[in-house]
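Report on one structure; see the data block that follows.
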Amino acid sequence: MKQKPLITLAVPSYNQGSYLEQTLRSIFSQSLPIEVFILDGGSQDQSISIIKKWESYLAGWRSYPDQGQTAAINEGIVQGTAPFVGWLNSDDWLLPKGLSTLLRALQSSQFKNAPFAYGRSWNFYEKNHTFRSVWVEPFHENRLALRCIISQPATLIRRSAWEEVRGVSNQFQLAMDYDLWWRLFRKFGTPYFIDQFIAVNRVHTETKTNTQPRLHYQEAIKIVHQHYGAIPLKWRLFWPYRVWLKSIMNRFSV
């Protein structure tokens, strides 16, 4: 008898056929009962042929123009039934046993009240094929107010908590994960940090954070003000500089 899924993963995608194969292989190599829903926004590249190649492994997929990444994530997760949920963008990938590490933590009695677990991840720079660790820290509210210290590909969330906060917010198209961490923390308390590498975040010229850095920072500042009640001086002083610096760095390192 087929095992009931323990994890529901949504994979939002649009014209990411160059990367999608690696993403799906990393998911189905986790040796866990996972239900995967691919939400494709109507890709015109090789994405559909790759999806069809993996179709027998998928719980569901579709391909047509949609309302964007945030809506697609919610759409995928609501279709599932597993007690733990998350999403993996179609240009990122999981490290071996990454999900098992997060799942064990959330299933343990010691961390039964944690709304989600998160670990470390790597940035992989597509242009020169180099790795650099993402800035991830043990959780503290004041640190979260200064920057997003949680790397989304390296997270796993309890479905009960996800449903209580109604998933990711359609207010945001770039920093929706940052907003989600705040809402889960405010509602349920501190998440559990695991000091192990879980996933890889691919950095390339077409990512939304690289093509729309100004909007990304505007959303992040709005989120901090909404959930923290104030905007730390760091955001006011450095965010214009960071937007400029990121655009310069992208020309040479992505």
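Just for region 167-199: of the residues that are hydroxyl-bearing (Ser, Thr, Tyr) and open to solvent by less than 70 Å² (accessible area, probe 1.4 Å), which one is farthest from residue 108 (Cα to Cα)? So that I can check it myself, show each step before the final result.
Quick first cut of region 167-199, residues hydroxyl-bearing (Ser, Thr, Tyr) only: 169, 178, 190, 192.
Okay, now just the ones that are also open to solvent by less than 70 Å² (accessible area, probe 1.4 Å), so 169, 178, 192.
Values: 169: 29, 178: 25, 192: 11 Å.
Top of the filtered list is 169.
The residue list 117, 72, 105 contains one member that is part of a helix (DSSP H, G or I) and under 21 Å from residue 166 (Cα atoms), which is 72.
Only one of (1) within 19 Å of the chain's Cα centre (by Cα); (2) farther than 20 Å from residue 203 by Cα; (3) not hydrophobic (A, V, I, L, M, F, W, C) fails for residue 68. Which number is that? (2) is the only condition that residue 68 fails.
I want to confirm something. Restricting to region 120-146 and keeping residues that are touching a His at 6+ places or on another chain (Cβ under 9 Å) and not in a strand (DSSP E or B), which single residue is nearest to residue 84 (Cα to Cα)? Looking at the filtered set, the residue picked out is 144.
Does residue 22 satisfy the criteria of being of a type outside the set (Phe, Trp, Tyr), open to solvent by less than 10 Å² (accessible area, probe 1.4 Å) and closer than 21 Å to residue 201 by Cα? Here the answer is no, as residue 22 does not meet what is asked. Filtering 143, 147 for residues that are within 16 Å of the chain's Cα centre (by Cα) and open to solvent by 30 Å² or more (accessible area, probe 1.4 Å) leaves a single hit, 147. Given the condition in contact with a helix residue (DSSP H, G or I) (Cβ under 6 Å, 6 or more places away or on another chain) and hydroxyl-bearing (Ser, Thr, Tyr), answer yes or no: does some residue in region 24-46 qualify? Checked region 24-46: no residue is in contact with a helix residue (DSSP H, G or I) (Cβ under 6 Å, 6 or more places away or on another chain) and hydroxyl-bearing (Ser, Thr, Tyr).
So, of the residues in region 23-44 that are outside any strand (DSSP E or B) and of a type outside the set (S, T, N, Q), which turns out to be nearest to residue 82 (Cα to Cα)? Checked region 23-44; the qualifying residue nearest to residue 82 (Cα to Cα) is 33. For beta carbons closer than 9 Å, sequence separation of 6+ or different chains, a first residue in region 126-150 that is closer than 18 Å to residue 180 by Cα and a second that is among the basic types (Lys, Arg) and at pLDDT 95 or above, the qualifying pairs are 136/120; 137/143; 149/143.
Restricted to region 72-113, and to residues there that are over 18 Å from the mean Cα position of the chain (by Cα), in contact (Cβ under 8 Å) with a residue 40 or more places away in the chain and open to solvent by less than 50 Å² (accessible area, probe 1.4 Å), the residue that is nearest to residue 34 (Cα to Cα) is 105.
The values are calculated or read from the model by the stated rules, or taken from the named source; none is laboratory data. No experiment lies behind these values; they were computed from the predicted model shown. Note that each Cβ is placed from the backbone with ideal geometry, even for glycine, and that neighbours are counted across all protein chains shown. We work out accessible area using only protein heavy atoms, side chains counted, and drop any ligands, DNA or RNA first. Shrake-Rupley method; radii C 1.70, N 1.55, O 1.52, S 1.80 Å.
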